[in-house]
Amino acid sequence: ATPTSIIIGTGRAAELGVLFRQGEALQSLKEVGVVALDKTGTLTQGRPELTDFVAASGFSEAETLRLVAAVETRSEHPIAQAIAAAAERRGLDLPSTDSFEAVPGFGVSAMVEGRKVDVGADRFMTKLGLTVSTFADSAARLGAEGKSPLYAAIDGKLAAIVAVADPIKPSTPEAVAALHALGLKVALITGDNRKTAEAIAKRIGIDEVAAEVLPDGKVAVVKRLRQSHGKIAFVGDGINDAPALAEADIGIAIGTGTDIAIESADVVLMSGDVRGVVNAIALSKATIRNIQ
Ligand code: ADP
Ligand code: MG
């Protein structure tokens, strides 16, 4: 490609809200075979809401929510904000916490009023030596509805199943269809529950799902997808997306995402939605055609 055509191409991209931090990305985008998308904040709005809260027998719903929300006020995870907001709406007075600990990809723990409170994914409960099988039916139903099931334990006993749902951005299904029309595979990479991720993928028409991926596991998934589908573009917004953005042949950050994601990316989508990826790839193809 000539320098002039790249300048023209990147200029046109900027008009479409696609920022090329790397001029080479404009050329290599047309060779991409698979686009992998982060879920929370990329495909979805990244603002989950609490949808379900069911206490185990022997536990009161309001009291359990009060303890769980107290712990979650200490976490910055979007899930935590959903739970804290729900408790606030119910007018619950939240006690202070001690010994707060976040285990990335698993959940959070703290002491509240002398009681040990743990909140997180099923694998977090397993790690604590608890079984979540009493809630198996609820979890399957919630997952099938595209909601993310979580669990709470109090003093080492399973106390509740909680669900949050994060609305899909209205632009996402259209963007996935357009990527398919360009002949690309589309994959989803998430730390979320498998059933939930598969339900969401099905709704949007995504081809491949890597779920329950630990924060440092996204890079390995990017490498695996490259082996099966060739050049890979990864789209993400979070702190834990930065290594995968750097590993991908083209890293694409959502402009509304974290600074570290943007700094690790080759391309930034100012519009904040995945349709920008389609524009970027279409432009790459058009630019290269003009040059030849
Ligand atoms: P994602 O960004 O896809 O949600 P994370 O690695 O941040 O992935 O989290 C993976 C899973 O760990 C979450 O889906 C949730 O089940 C659990 N988790 C993480 N942080 C919290 C938290 N503060 N409260 C409850 N669960 C949490
Ligand atoms: Mg995200």
- prompt: Average projected area of the Cα convex hull of region 108-168, in nm²?
  reply: 4.4
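Work out the FRET efficiency for THR256 and THR4 from their Cβ-Cβ distance, taking R0 = 35 Å, and round it to the nearest 0.05. Write down the numbers at each step before the final one.
Numbers: r = 32 Å, r/R0 = 0.92.
That gives a FRET efficiency of 0.65.
Based on the Kirkwood radius over alpha-carbon pairs, what value in µm²/s does the Stokes-Einstein equation return for the translational diffusion coefficient of the chain at 4 °C and 1.567 mPa s?
On the way: Rh = 20.0 Å.
Approximately 65 µm²/s, per Stokes-Einstein.
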Rg and Dmax [Cα atoms of region 24-107; Å; Rg one decimal, Dmax integer]: 18.6, 61
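Only Lys, Arg, Asp and Glu count, each charged at its Cβ (+1, +1, -1, -1), so figure out the dipole size of the chain about its Cα centre, rounded to 20 debye.
Details: 30 positive and 36 negative charges, 179 e Å.
Taking the Cα centre of the chain as origin, the dipole is about 860 debye.
Over the chain, what is the percentage of antiparallel beta bridges among all DSSP beta bridges, to the nearest 5?
Details: 32 of 51 bridges.
So the antiparallel bridges amount to about 65 percent of the total.
Once R0 is set to 22 Å, what does the formula 1/(1 + (r/R0)^6) return for the Cβ-Cβ distance between ALA181 and MET270, expressed as a FRET efficiency to the nearest 0.05?
Working: r = 23 Å, r/R0 = 1.05.
Computed FRET efficiency for ALA181 and MET270: 0.45.
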message: Using the Cα centre of region 49-165 as the reference point, and only Cβ charges (+1 on K/R, -1 on D/E), how large is the resulting charge dipole? Debye, rounded to the nearest 20.
response: 180
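What FRET efficiency would be calculated for the residue pair GLU263, SER60, taking the C-beta separation as r and a Förster radius of 45 Å, to the nearest 0.05? Working shown, then result.
On the way: r = 46 Å, r/R0 = 1.03.
Once the sixth-power term is evaluated, E becomes 0.45.
How much length is gained if the chain between LYS127 and GLU24 is pulled fully straight, taking 0.36 nm per residue apart and subtracting their Cα-Cα distance, in nm to one decimal?
32.6 nm
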task: Work out how much length ARG90 to ASP216 would gain on full extension: take 0.36 nm times their residue separation and subtract the Cα-Cα distance, in nm to one decimal.
output: 41.7 nm
task: Treat each spin label as a single point 7 Å out from the Cα along the C-beta direction, and report the THR134 to GLN227 distance in nm.
output: 4.2
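Here, each number is a calculation from the coordinates, and none is a lab measurement. Predicted model only: the values in this text are computed from it and were never measured. In this analysis, Cβ positions are derived from the backbone assuming ideal geometry, glycine residues included, and neighbour counts consider all displayed protein chains.
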